[in-house]
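The values are calculated or read from the model by the stated rules, or taken from the named source; none is laboratory data. This one's a predicted model, so the numbers in the text were calculated from it and none came from an experiment. When we count neighbours, we look across all protein chains shown, and the Cβ atoms used for this are built from the backbone with ideal geometry, even at glycine. For accessibility, only protein heavy atoms count, side chains too; no ligands or nucleic acids. Shrake-Rupley method; radii C 1.70, N 1.55, O 1.52, S 1.80 Å.
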Amino acid sequence: MGALKAAIGDTLMTFIWVFITSMFGLFTHLIVTALGIQKLVWAPLVVTTLLIFLSVFVFNLIAEALGGASFNPTGNAAFYAAGIGGDSLFSMALRFPAQAAGAVGGVLAIMEVMPPQYKHMLAGPTLKVDLQTGAIAEGILTFLITFAVLVILLKGPRNPVSQTWLIAVATVLVVVAGAEYTGPSMNPVNAFGWAYVNNWHNTWEQFYVYWICPFIGAVFAARLFRMIFPPPKPKQKKA
């Protein structure tokens with residue numbers, strides 16, 4: 001019952017996340033235009049970072065309200081590989097399809113309600129290089145952001161605002177680094193949602209670049225984190 005409840009929470013969480021984050025490009029454009037700072041090179045990055053910060057902060061609260069809901073399966077896999085959290089192989093087998101369904105629903109919803117004049121700003125992760133380069137890039141980028149999130153959450157500042165800001169900055173840096181390669185996604189279900197709408201969700205390219213390699217990157221990040229920061233050994237009781 002706990003795993004089923006988590007899967008239902010994940011569906012709702014992922015739906016809302018994909019729906020909201022799909023509009024980051026539009027929100028950034030509207031904000032920099034309203035402030036008259038569109039000619040400043042750094043302005044879009046700063047605005048996007050602030051949007052990610054606010055979104056992650058709010059979604060952390062939503063996740064807690066939903067009993068630990070998640071919108072990224074690589075995060076679940078990473079915490080499982082690091083020996084953290086309450087997931088099992090069974091619970092993840094339920095949660096991952098639920099997250100994928102939520103992502104598809106989020107993409108379909110935003111495509112439906114987005115005004116026609118702004119629909120050109122909606123786009124999911126796309127492969128912009130050859131298959132092998134894209135696969136390596138997506139794996140490395142997911143490794144980097146996963147390791148950064150683990151360090152920030154488990155070894156970084158205890159203040160949730162500071163944690164969220166560091167995660168937002170790390171996310172923007174990785175997204176900028178991977179923009180000319182795979183999008184990037186670093187979230188298999190987000191990539192799946194857009195691929196489903198564009199009818200290439202069942203291709204080898206989608207599965208290899210946006211599923212296999214991100215999971216490999218996330219698990220390797222978790223194992224490296226566990227090696228660098230091993231859990232404390234339990235104290236032996238004296239006889």
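Odds and ends about this structure:
Yes/no per residue for (1) surrounded by 20 or more Cβ atoms within 10 Å (Cβ to Cβ); (2) within 18 Å of the chain's Cα centre (by Cα); (3) assigned to a helix (DSSP H, G or I); (4) touching a residue at least 24 places away in the same chain (Cβ under 8 Å):
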| site | (1), (2), (3), (4) |
| --- | --- |
| LEU50 | no, yes, yes, yes |
| LEU54 | no, yes, yes, no |
| VAL58 | no, yes, yes, no |
| SER70 | yes, yes, no, yes |
| ALA77 | yes, yes, yes, yes |
| GLY85 | no, yes, no, no |
| ALA98 | yes, yes, yes, yes |
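- The stretch 122-167, residues that are in a helix (DSSP H, G or I), within 28 Å of VAL197 (Cβ to Cβ), open to solvent by 60 Å² or more (accessible area, probe 1.4 Å) and touching a residue at least 60 places away in the same chain (Cβ under 8 Å): ILE136, ILE140, LEU144
- Matching entry among TRP211, TRP194 (being without any contact (Cβ under 8 Å) to a residue 60 or more places away in the chain, part of a helix (DSSP H, G or I) and not small (Gly, Ala, Ser)): TRP211
- Each residue in the stretch 170-191 was checked for being out of contact with any Pro (no Cβ under 9 Å at 6 or more places or on another chain), in a helix (DSSP H, G or I) and open to solvent by 50 Å² or more (accessible area, probe 1.4 Å), and 2 pass.
- Among residues that are under 21 Å from VAL197 (Cβ atoms), among the β-branched types (Val, Ile, Thr) and open to solvent by 60 Å² or more (accessible area, probe 1.4 Å), VAL104 is not included.
- ALA218 being at pLDDT 95 or above, within 20 Å of THR14 (Cα to Cα), open to solvent by less than 80 Å² (accessible area, probe 1.4 Å) and among the small types (Gly, Ala, Ser): yes
- The stretch 192-215, residues that are aliphatic (A, V, I, L, M) and open to solvent by less than 40 Å² (accessible area, probe 1.4 Å): ALA195, VAL209
- Looking only at the stretch 30-48, and only at residues there that are in a helix (DSSP H, G or I) and touching a helix residue (DSSP H, G or I) at 6+ places or on another chain (Cβ under 7 Å), the one that is most open to solvent (accessible area, probe 1.4 Å): LEU45
- The C-beta contact set for the stretch 21-34 (first residue without any contact (Cβ under 8 Å) to a residue 24 or more places away in the chain, second residue in a helix (DSSP H, G or I) and open to solvent by less than 20 Å² (accessible area, probe 1.4 Å), distance under 8 angstrom, 6+ apart or interchain) comprises THR28/VAL47; ILE31/VAL47; VAL32/ALA43; VAL32/VAL47.
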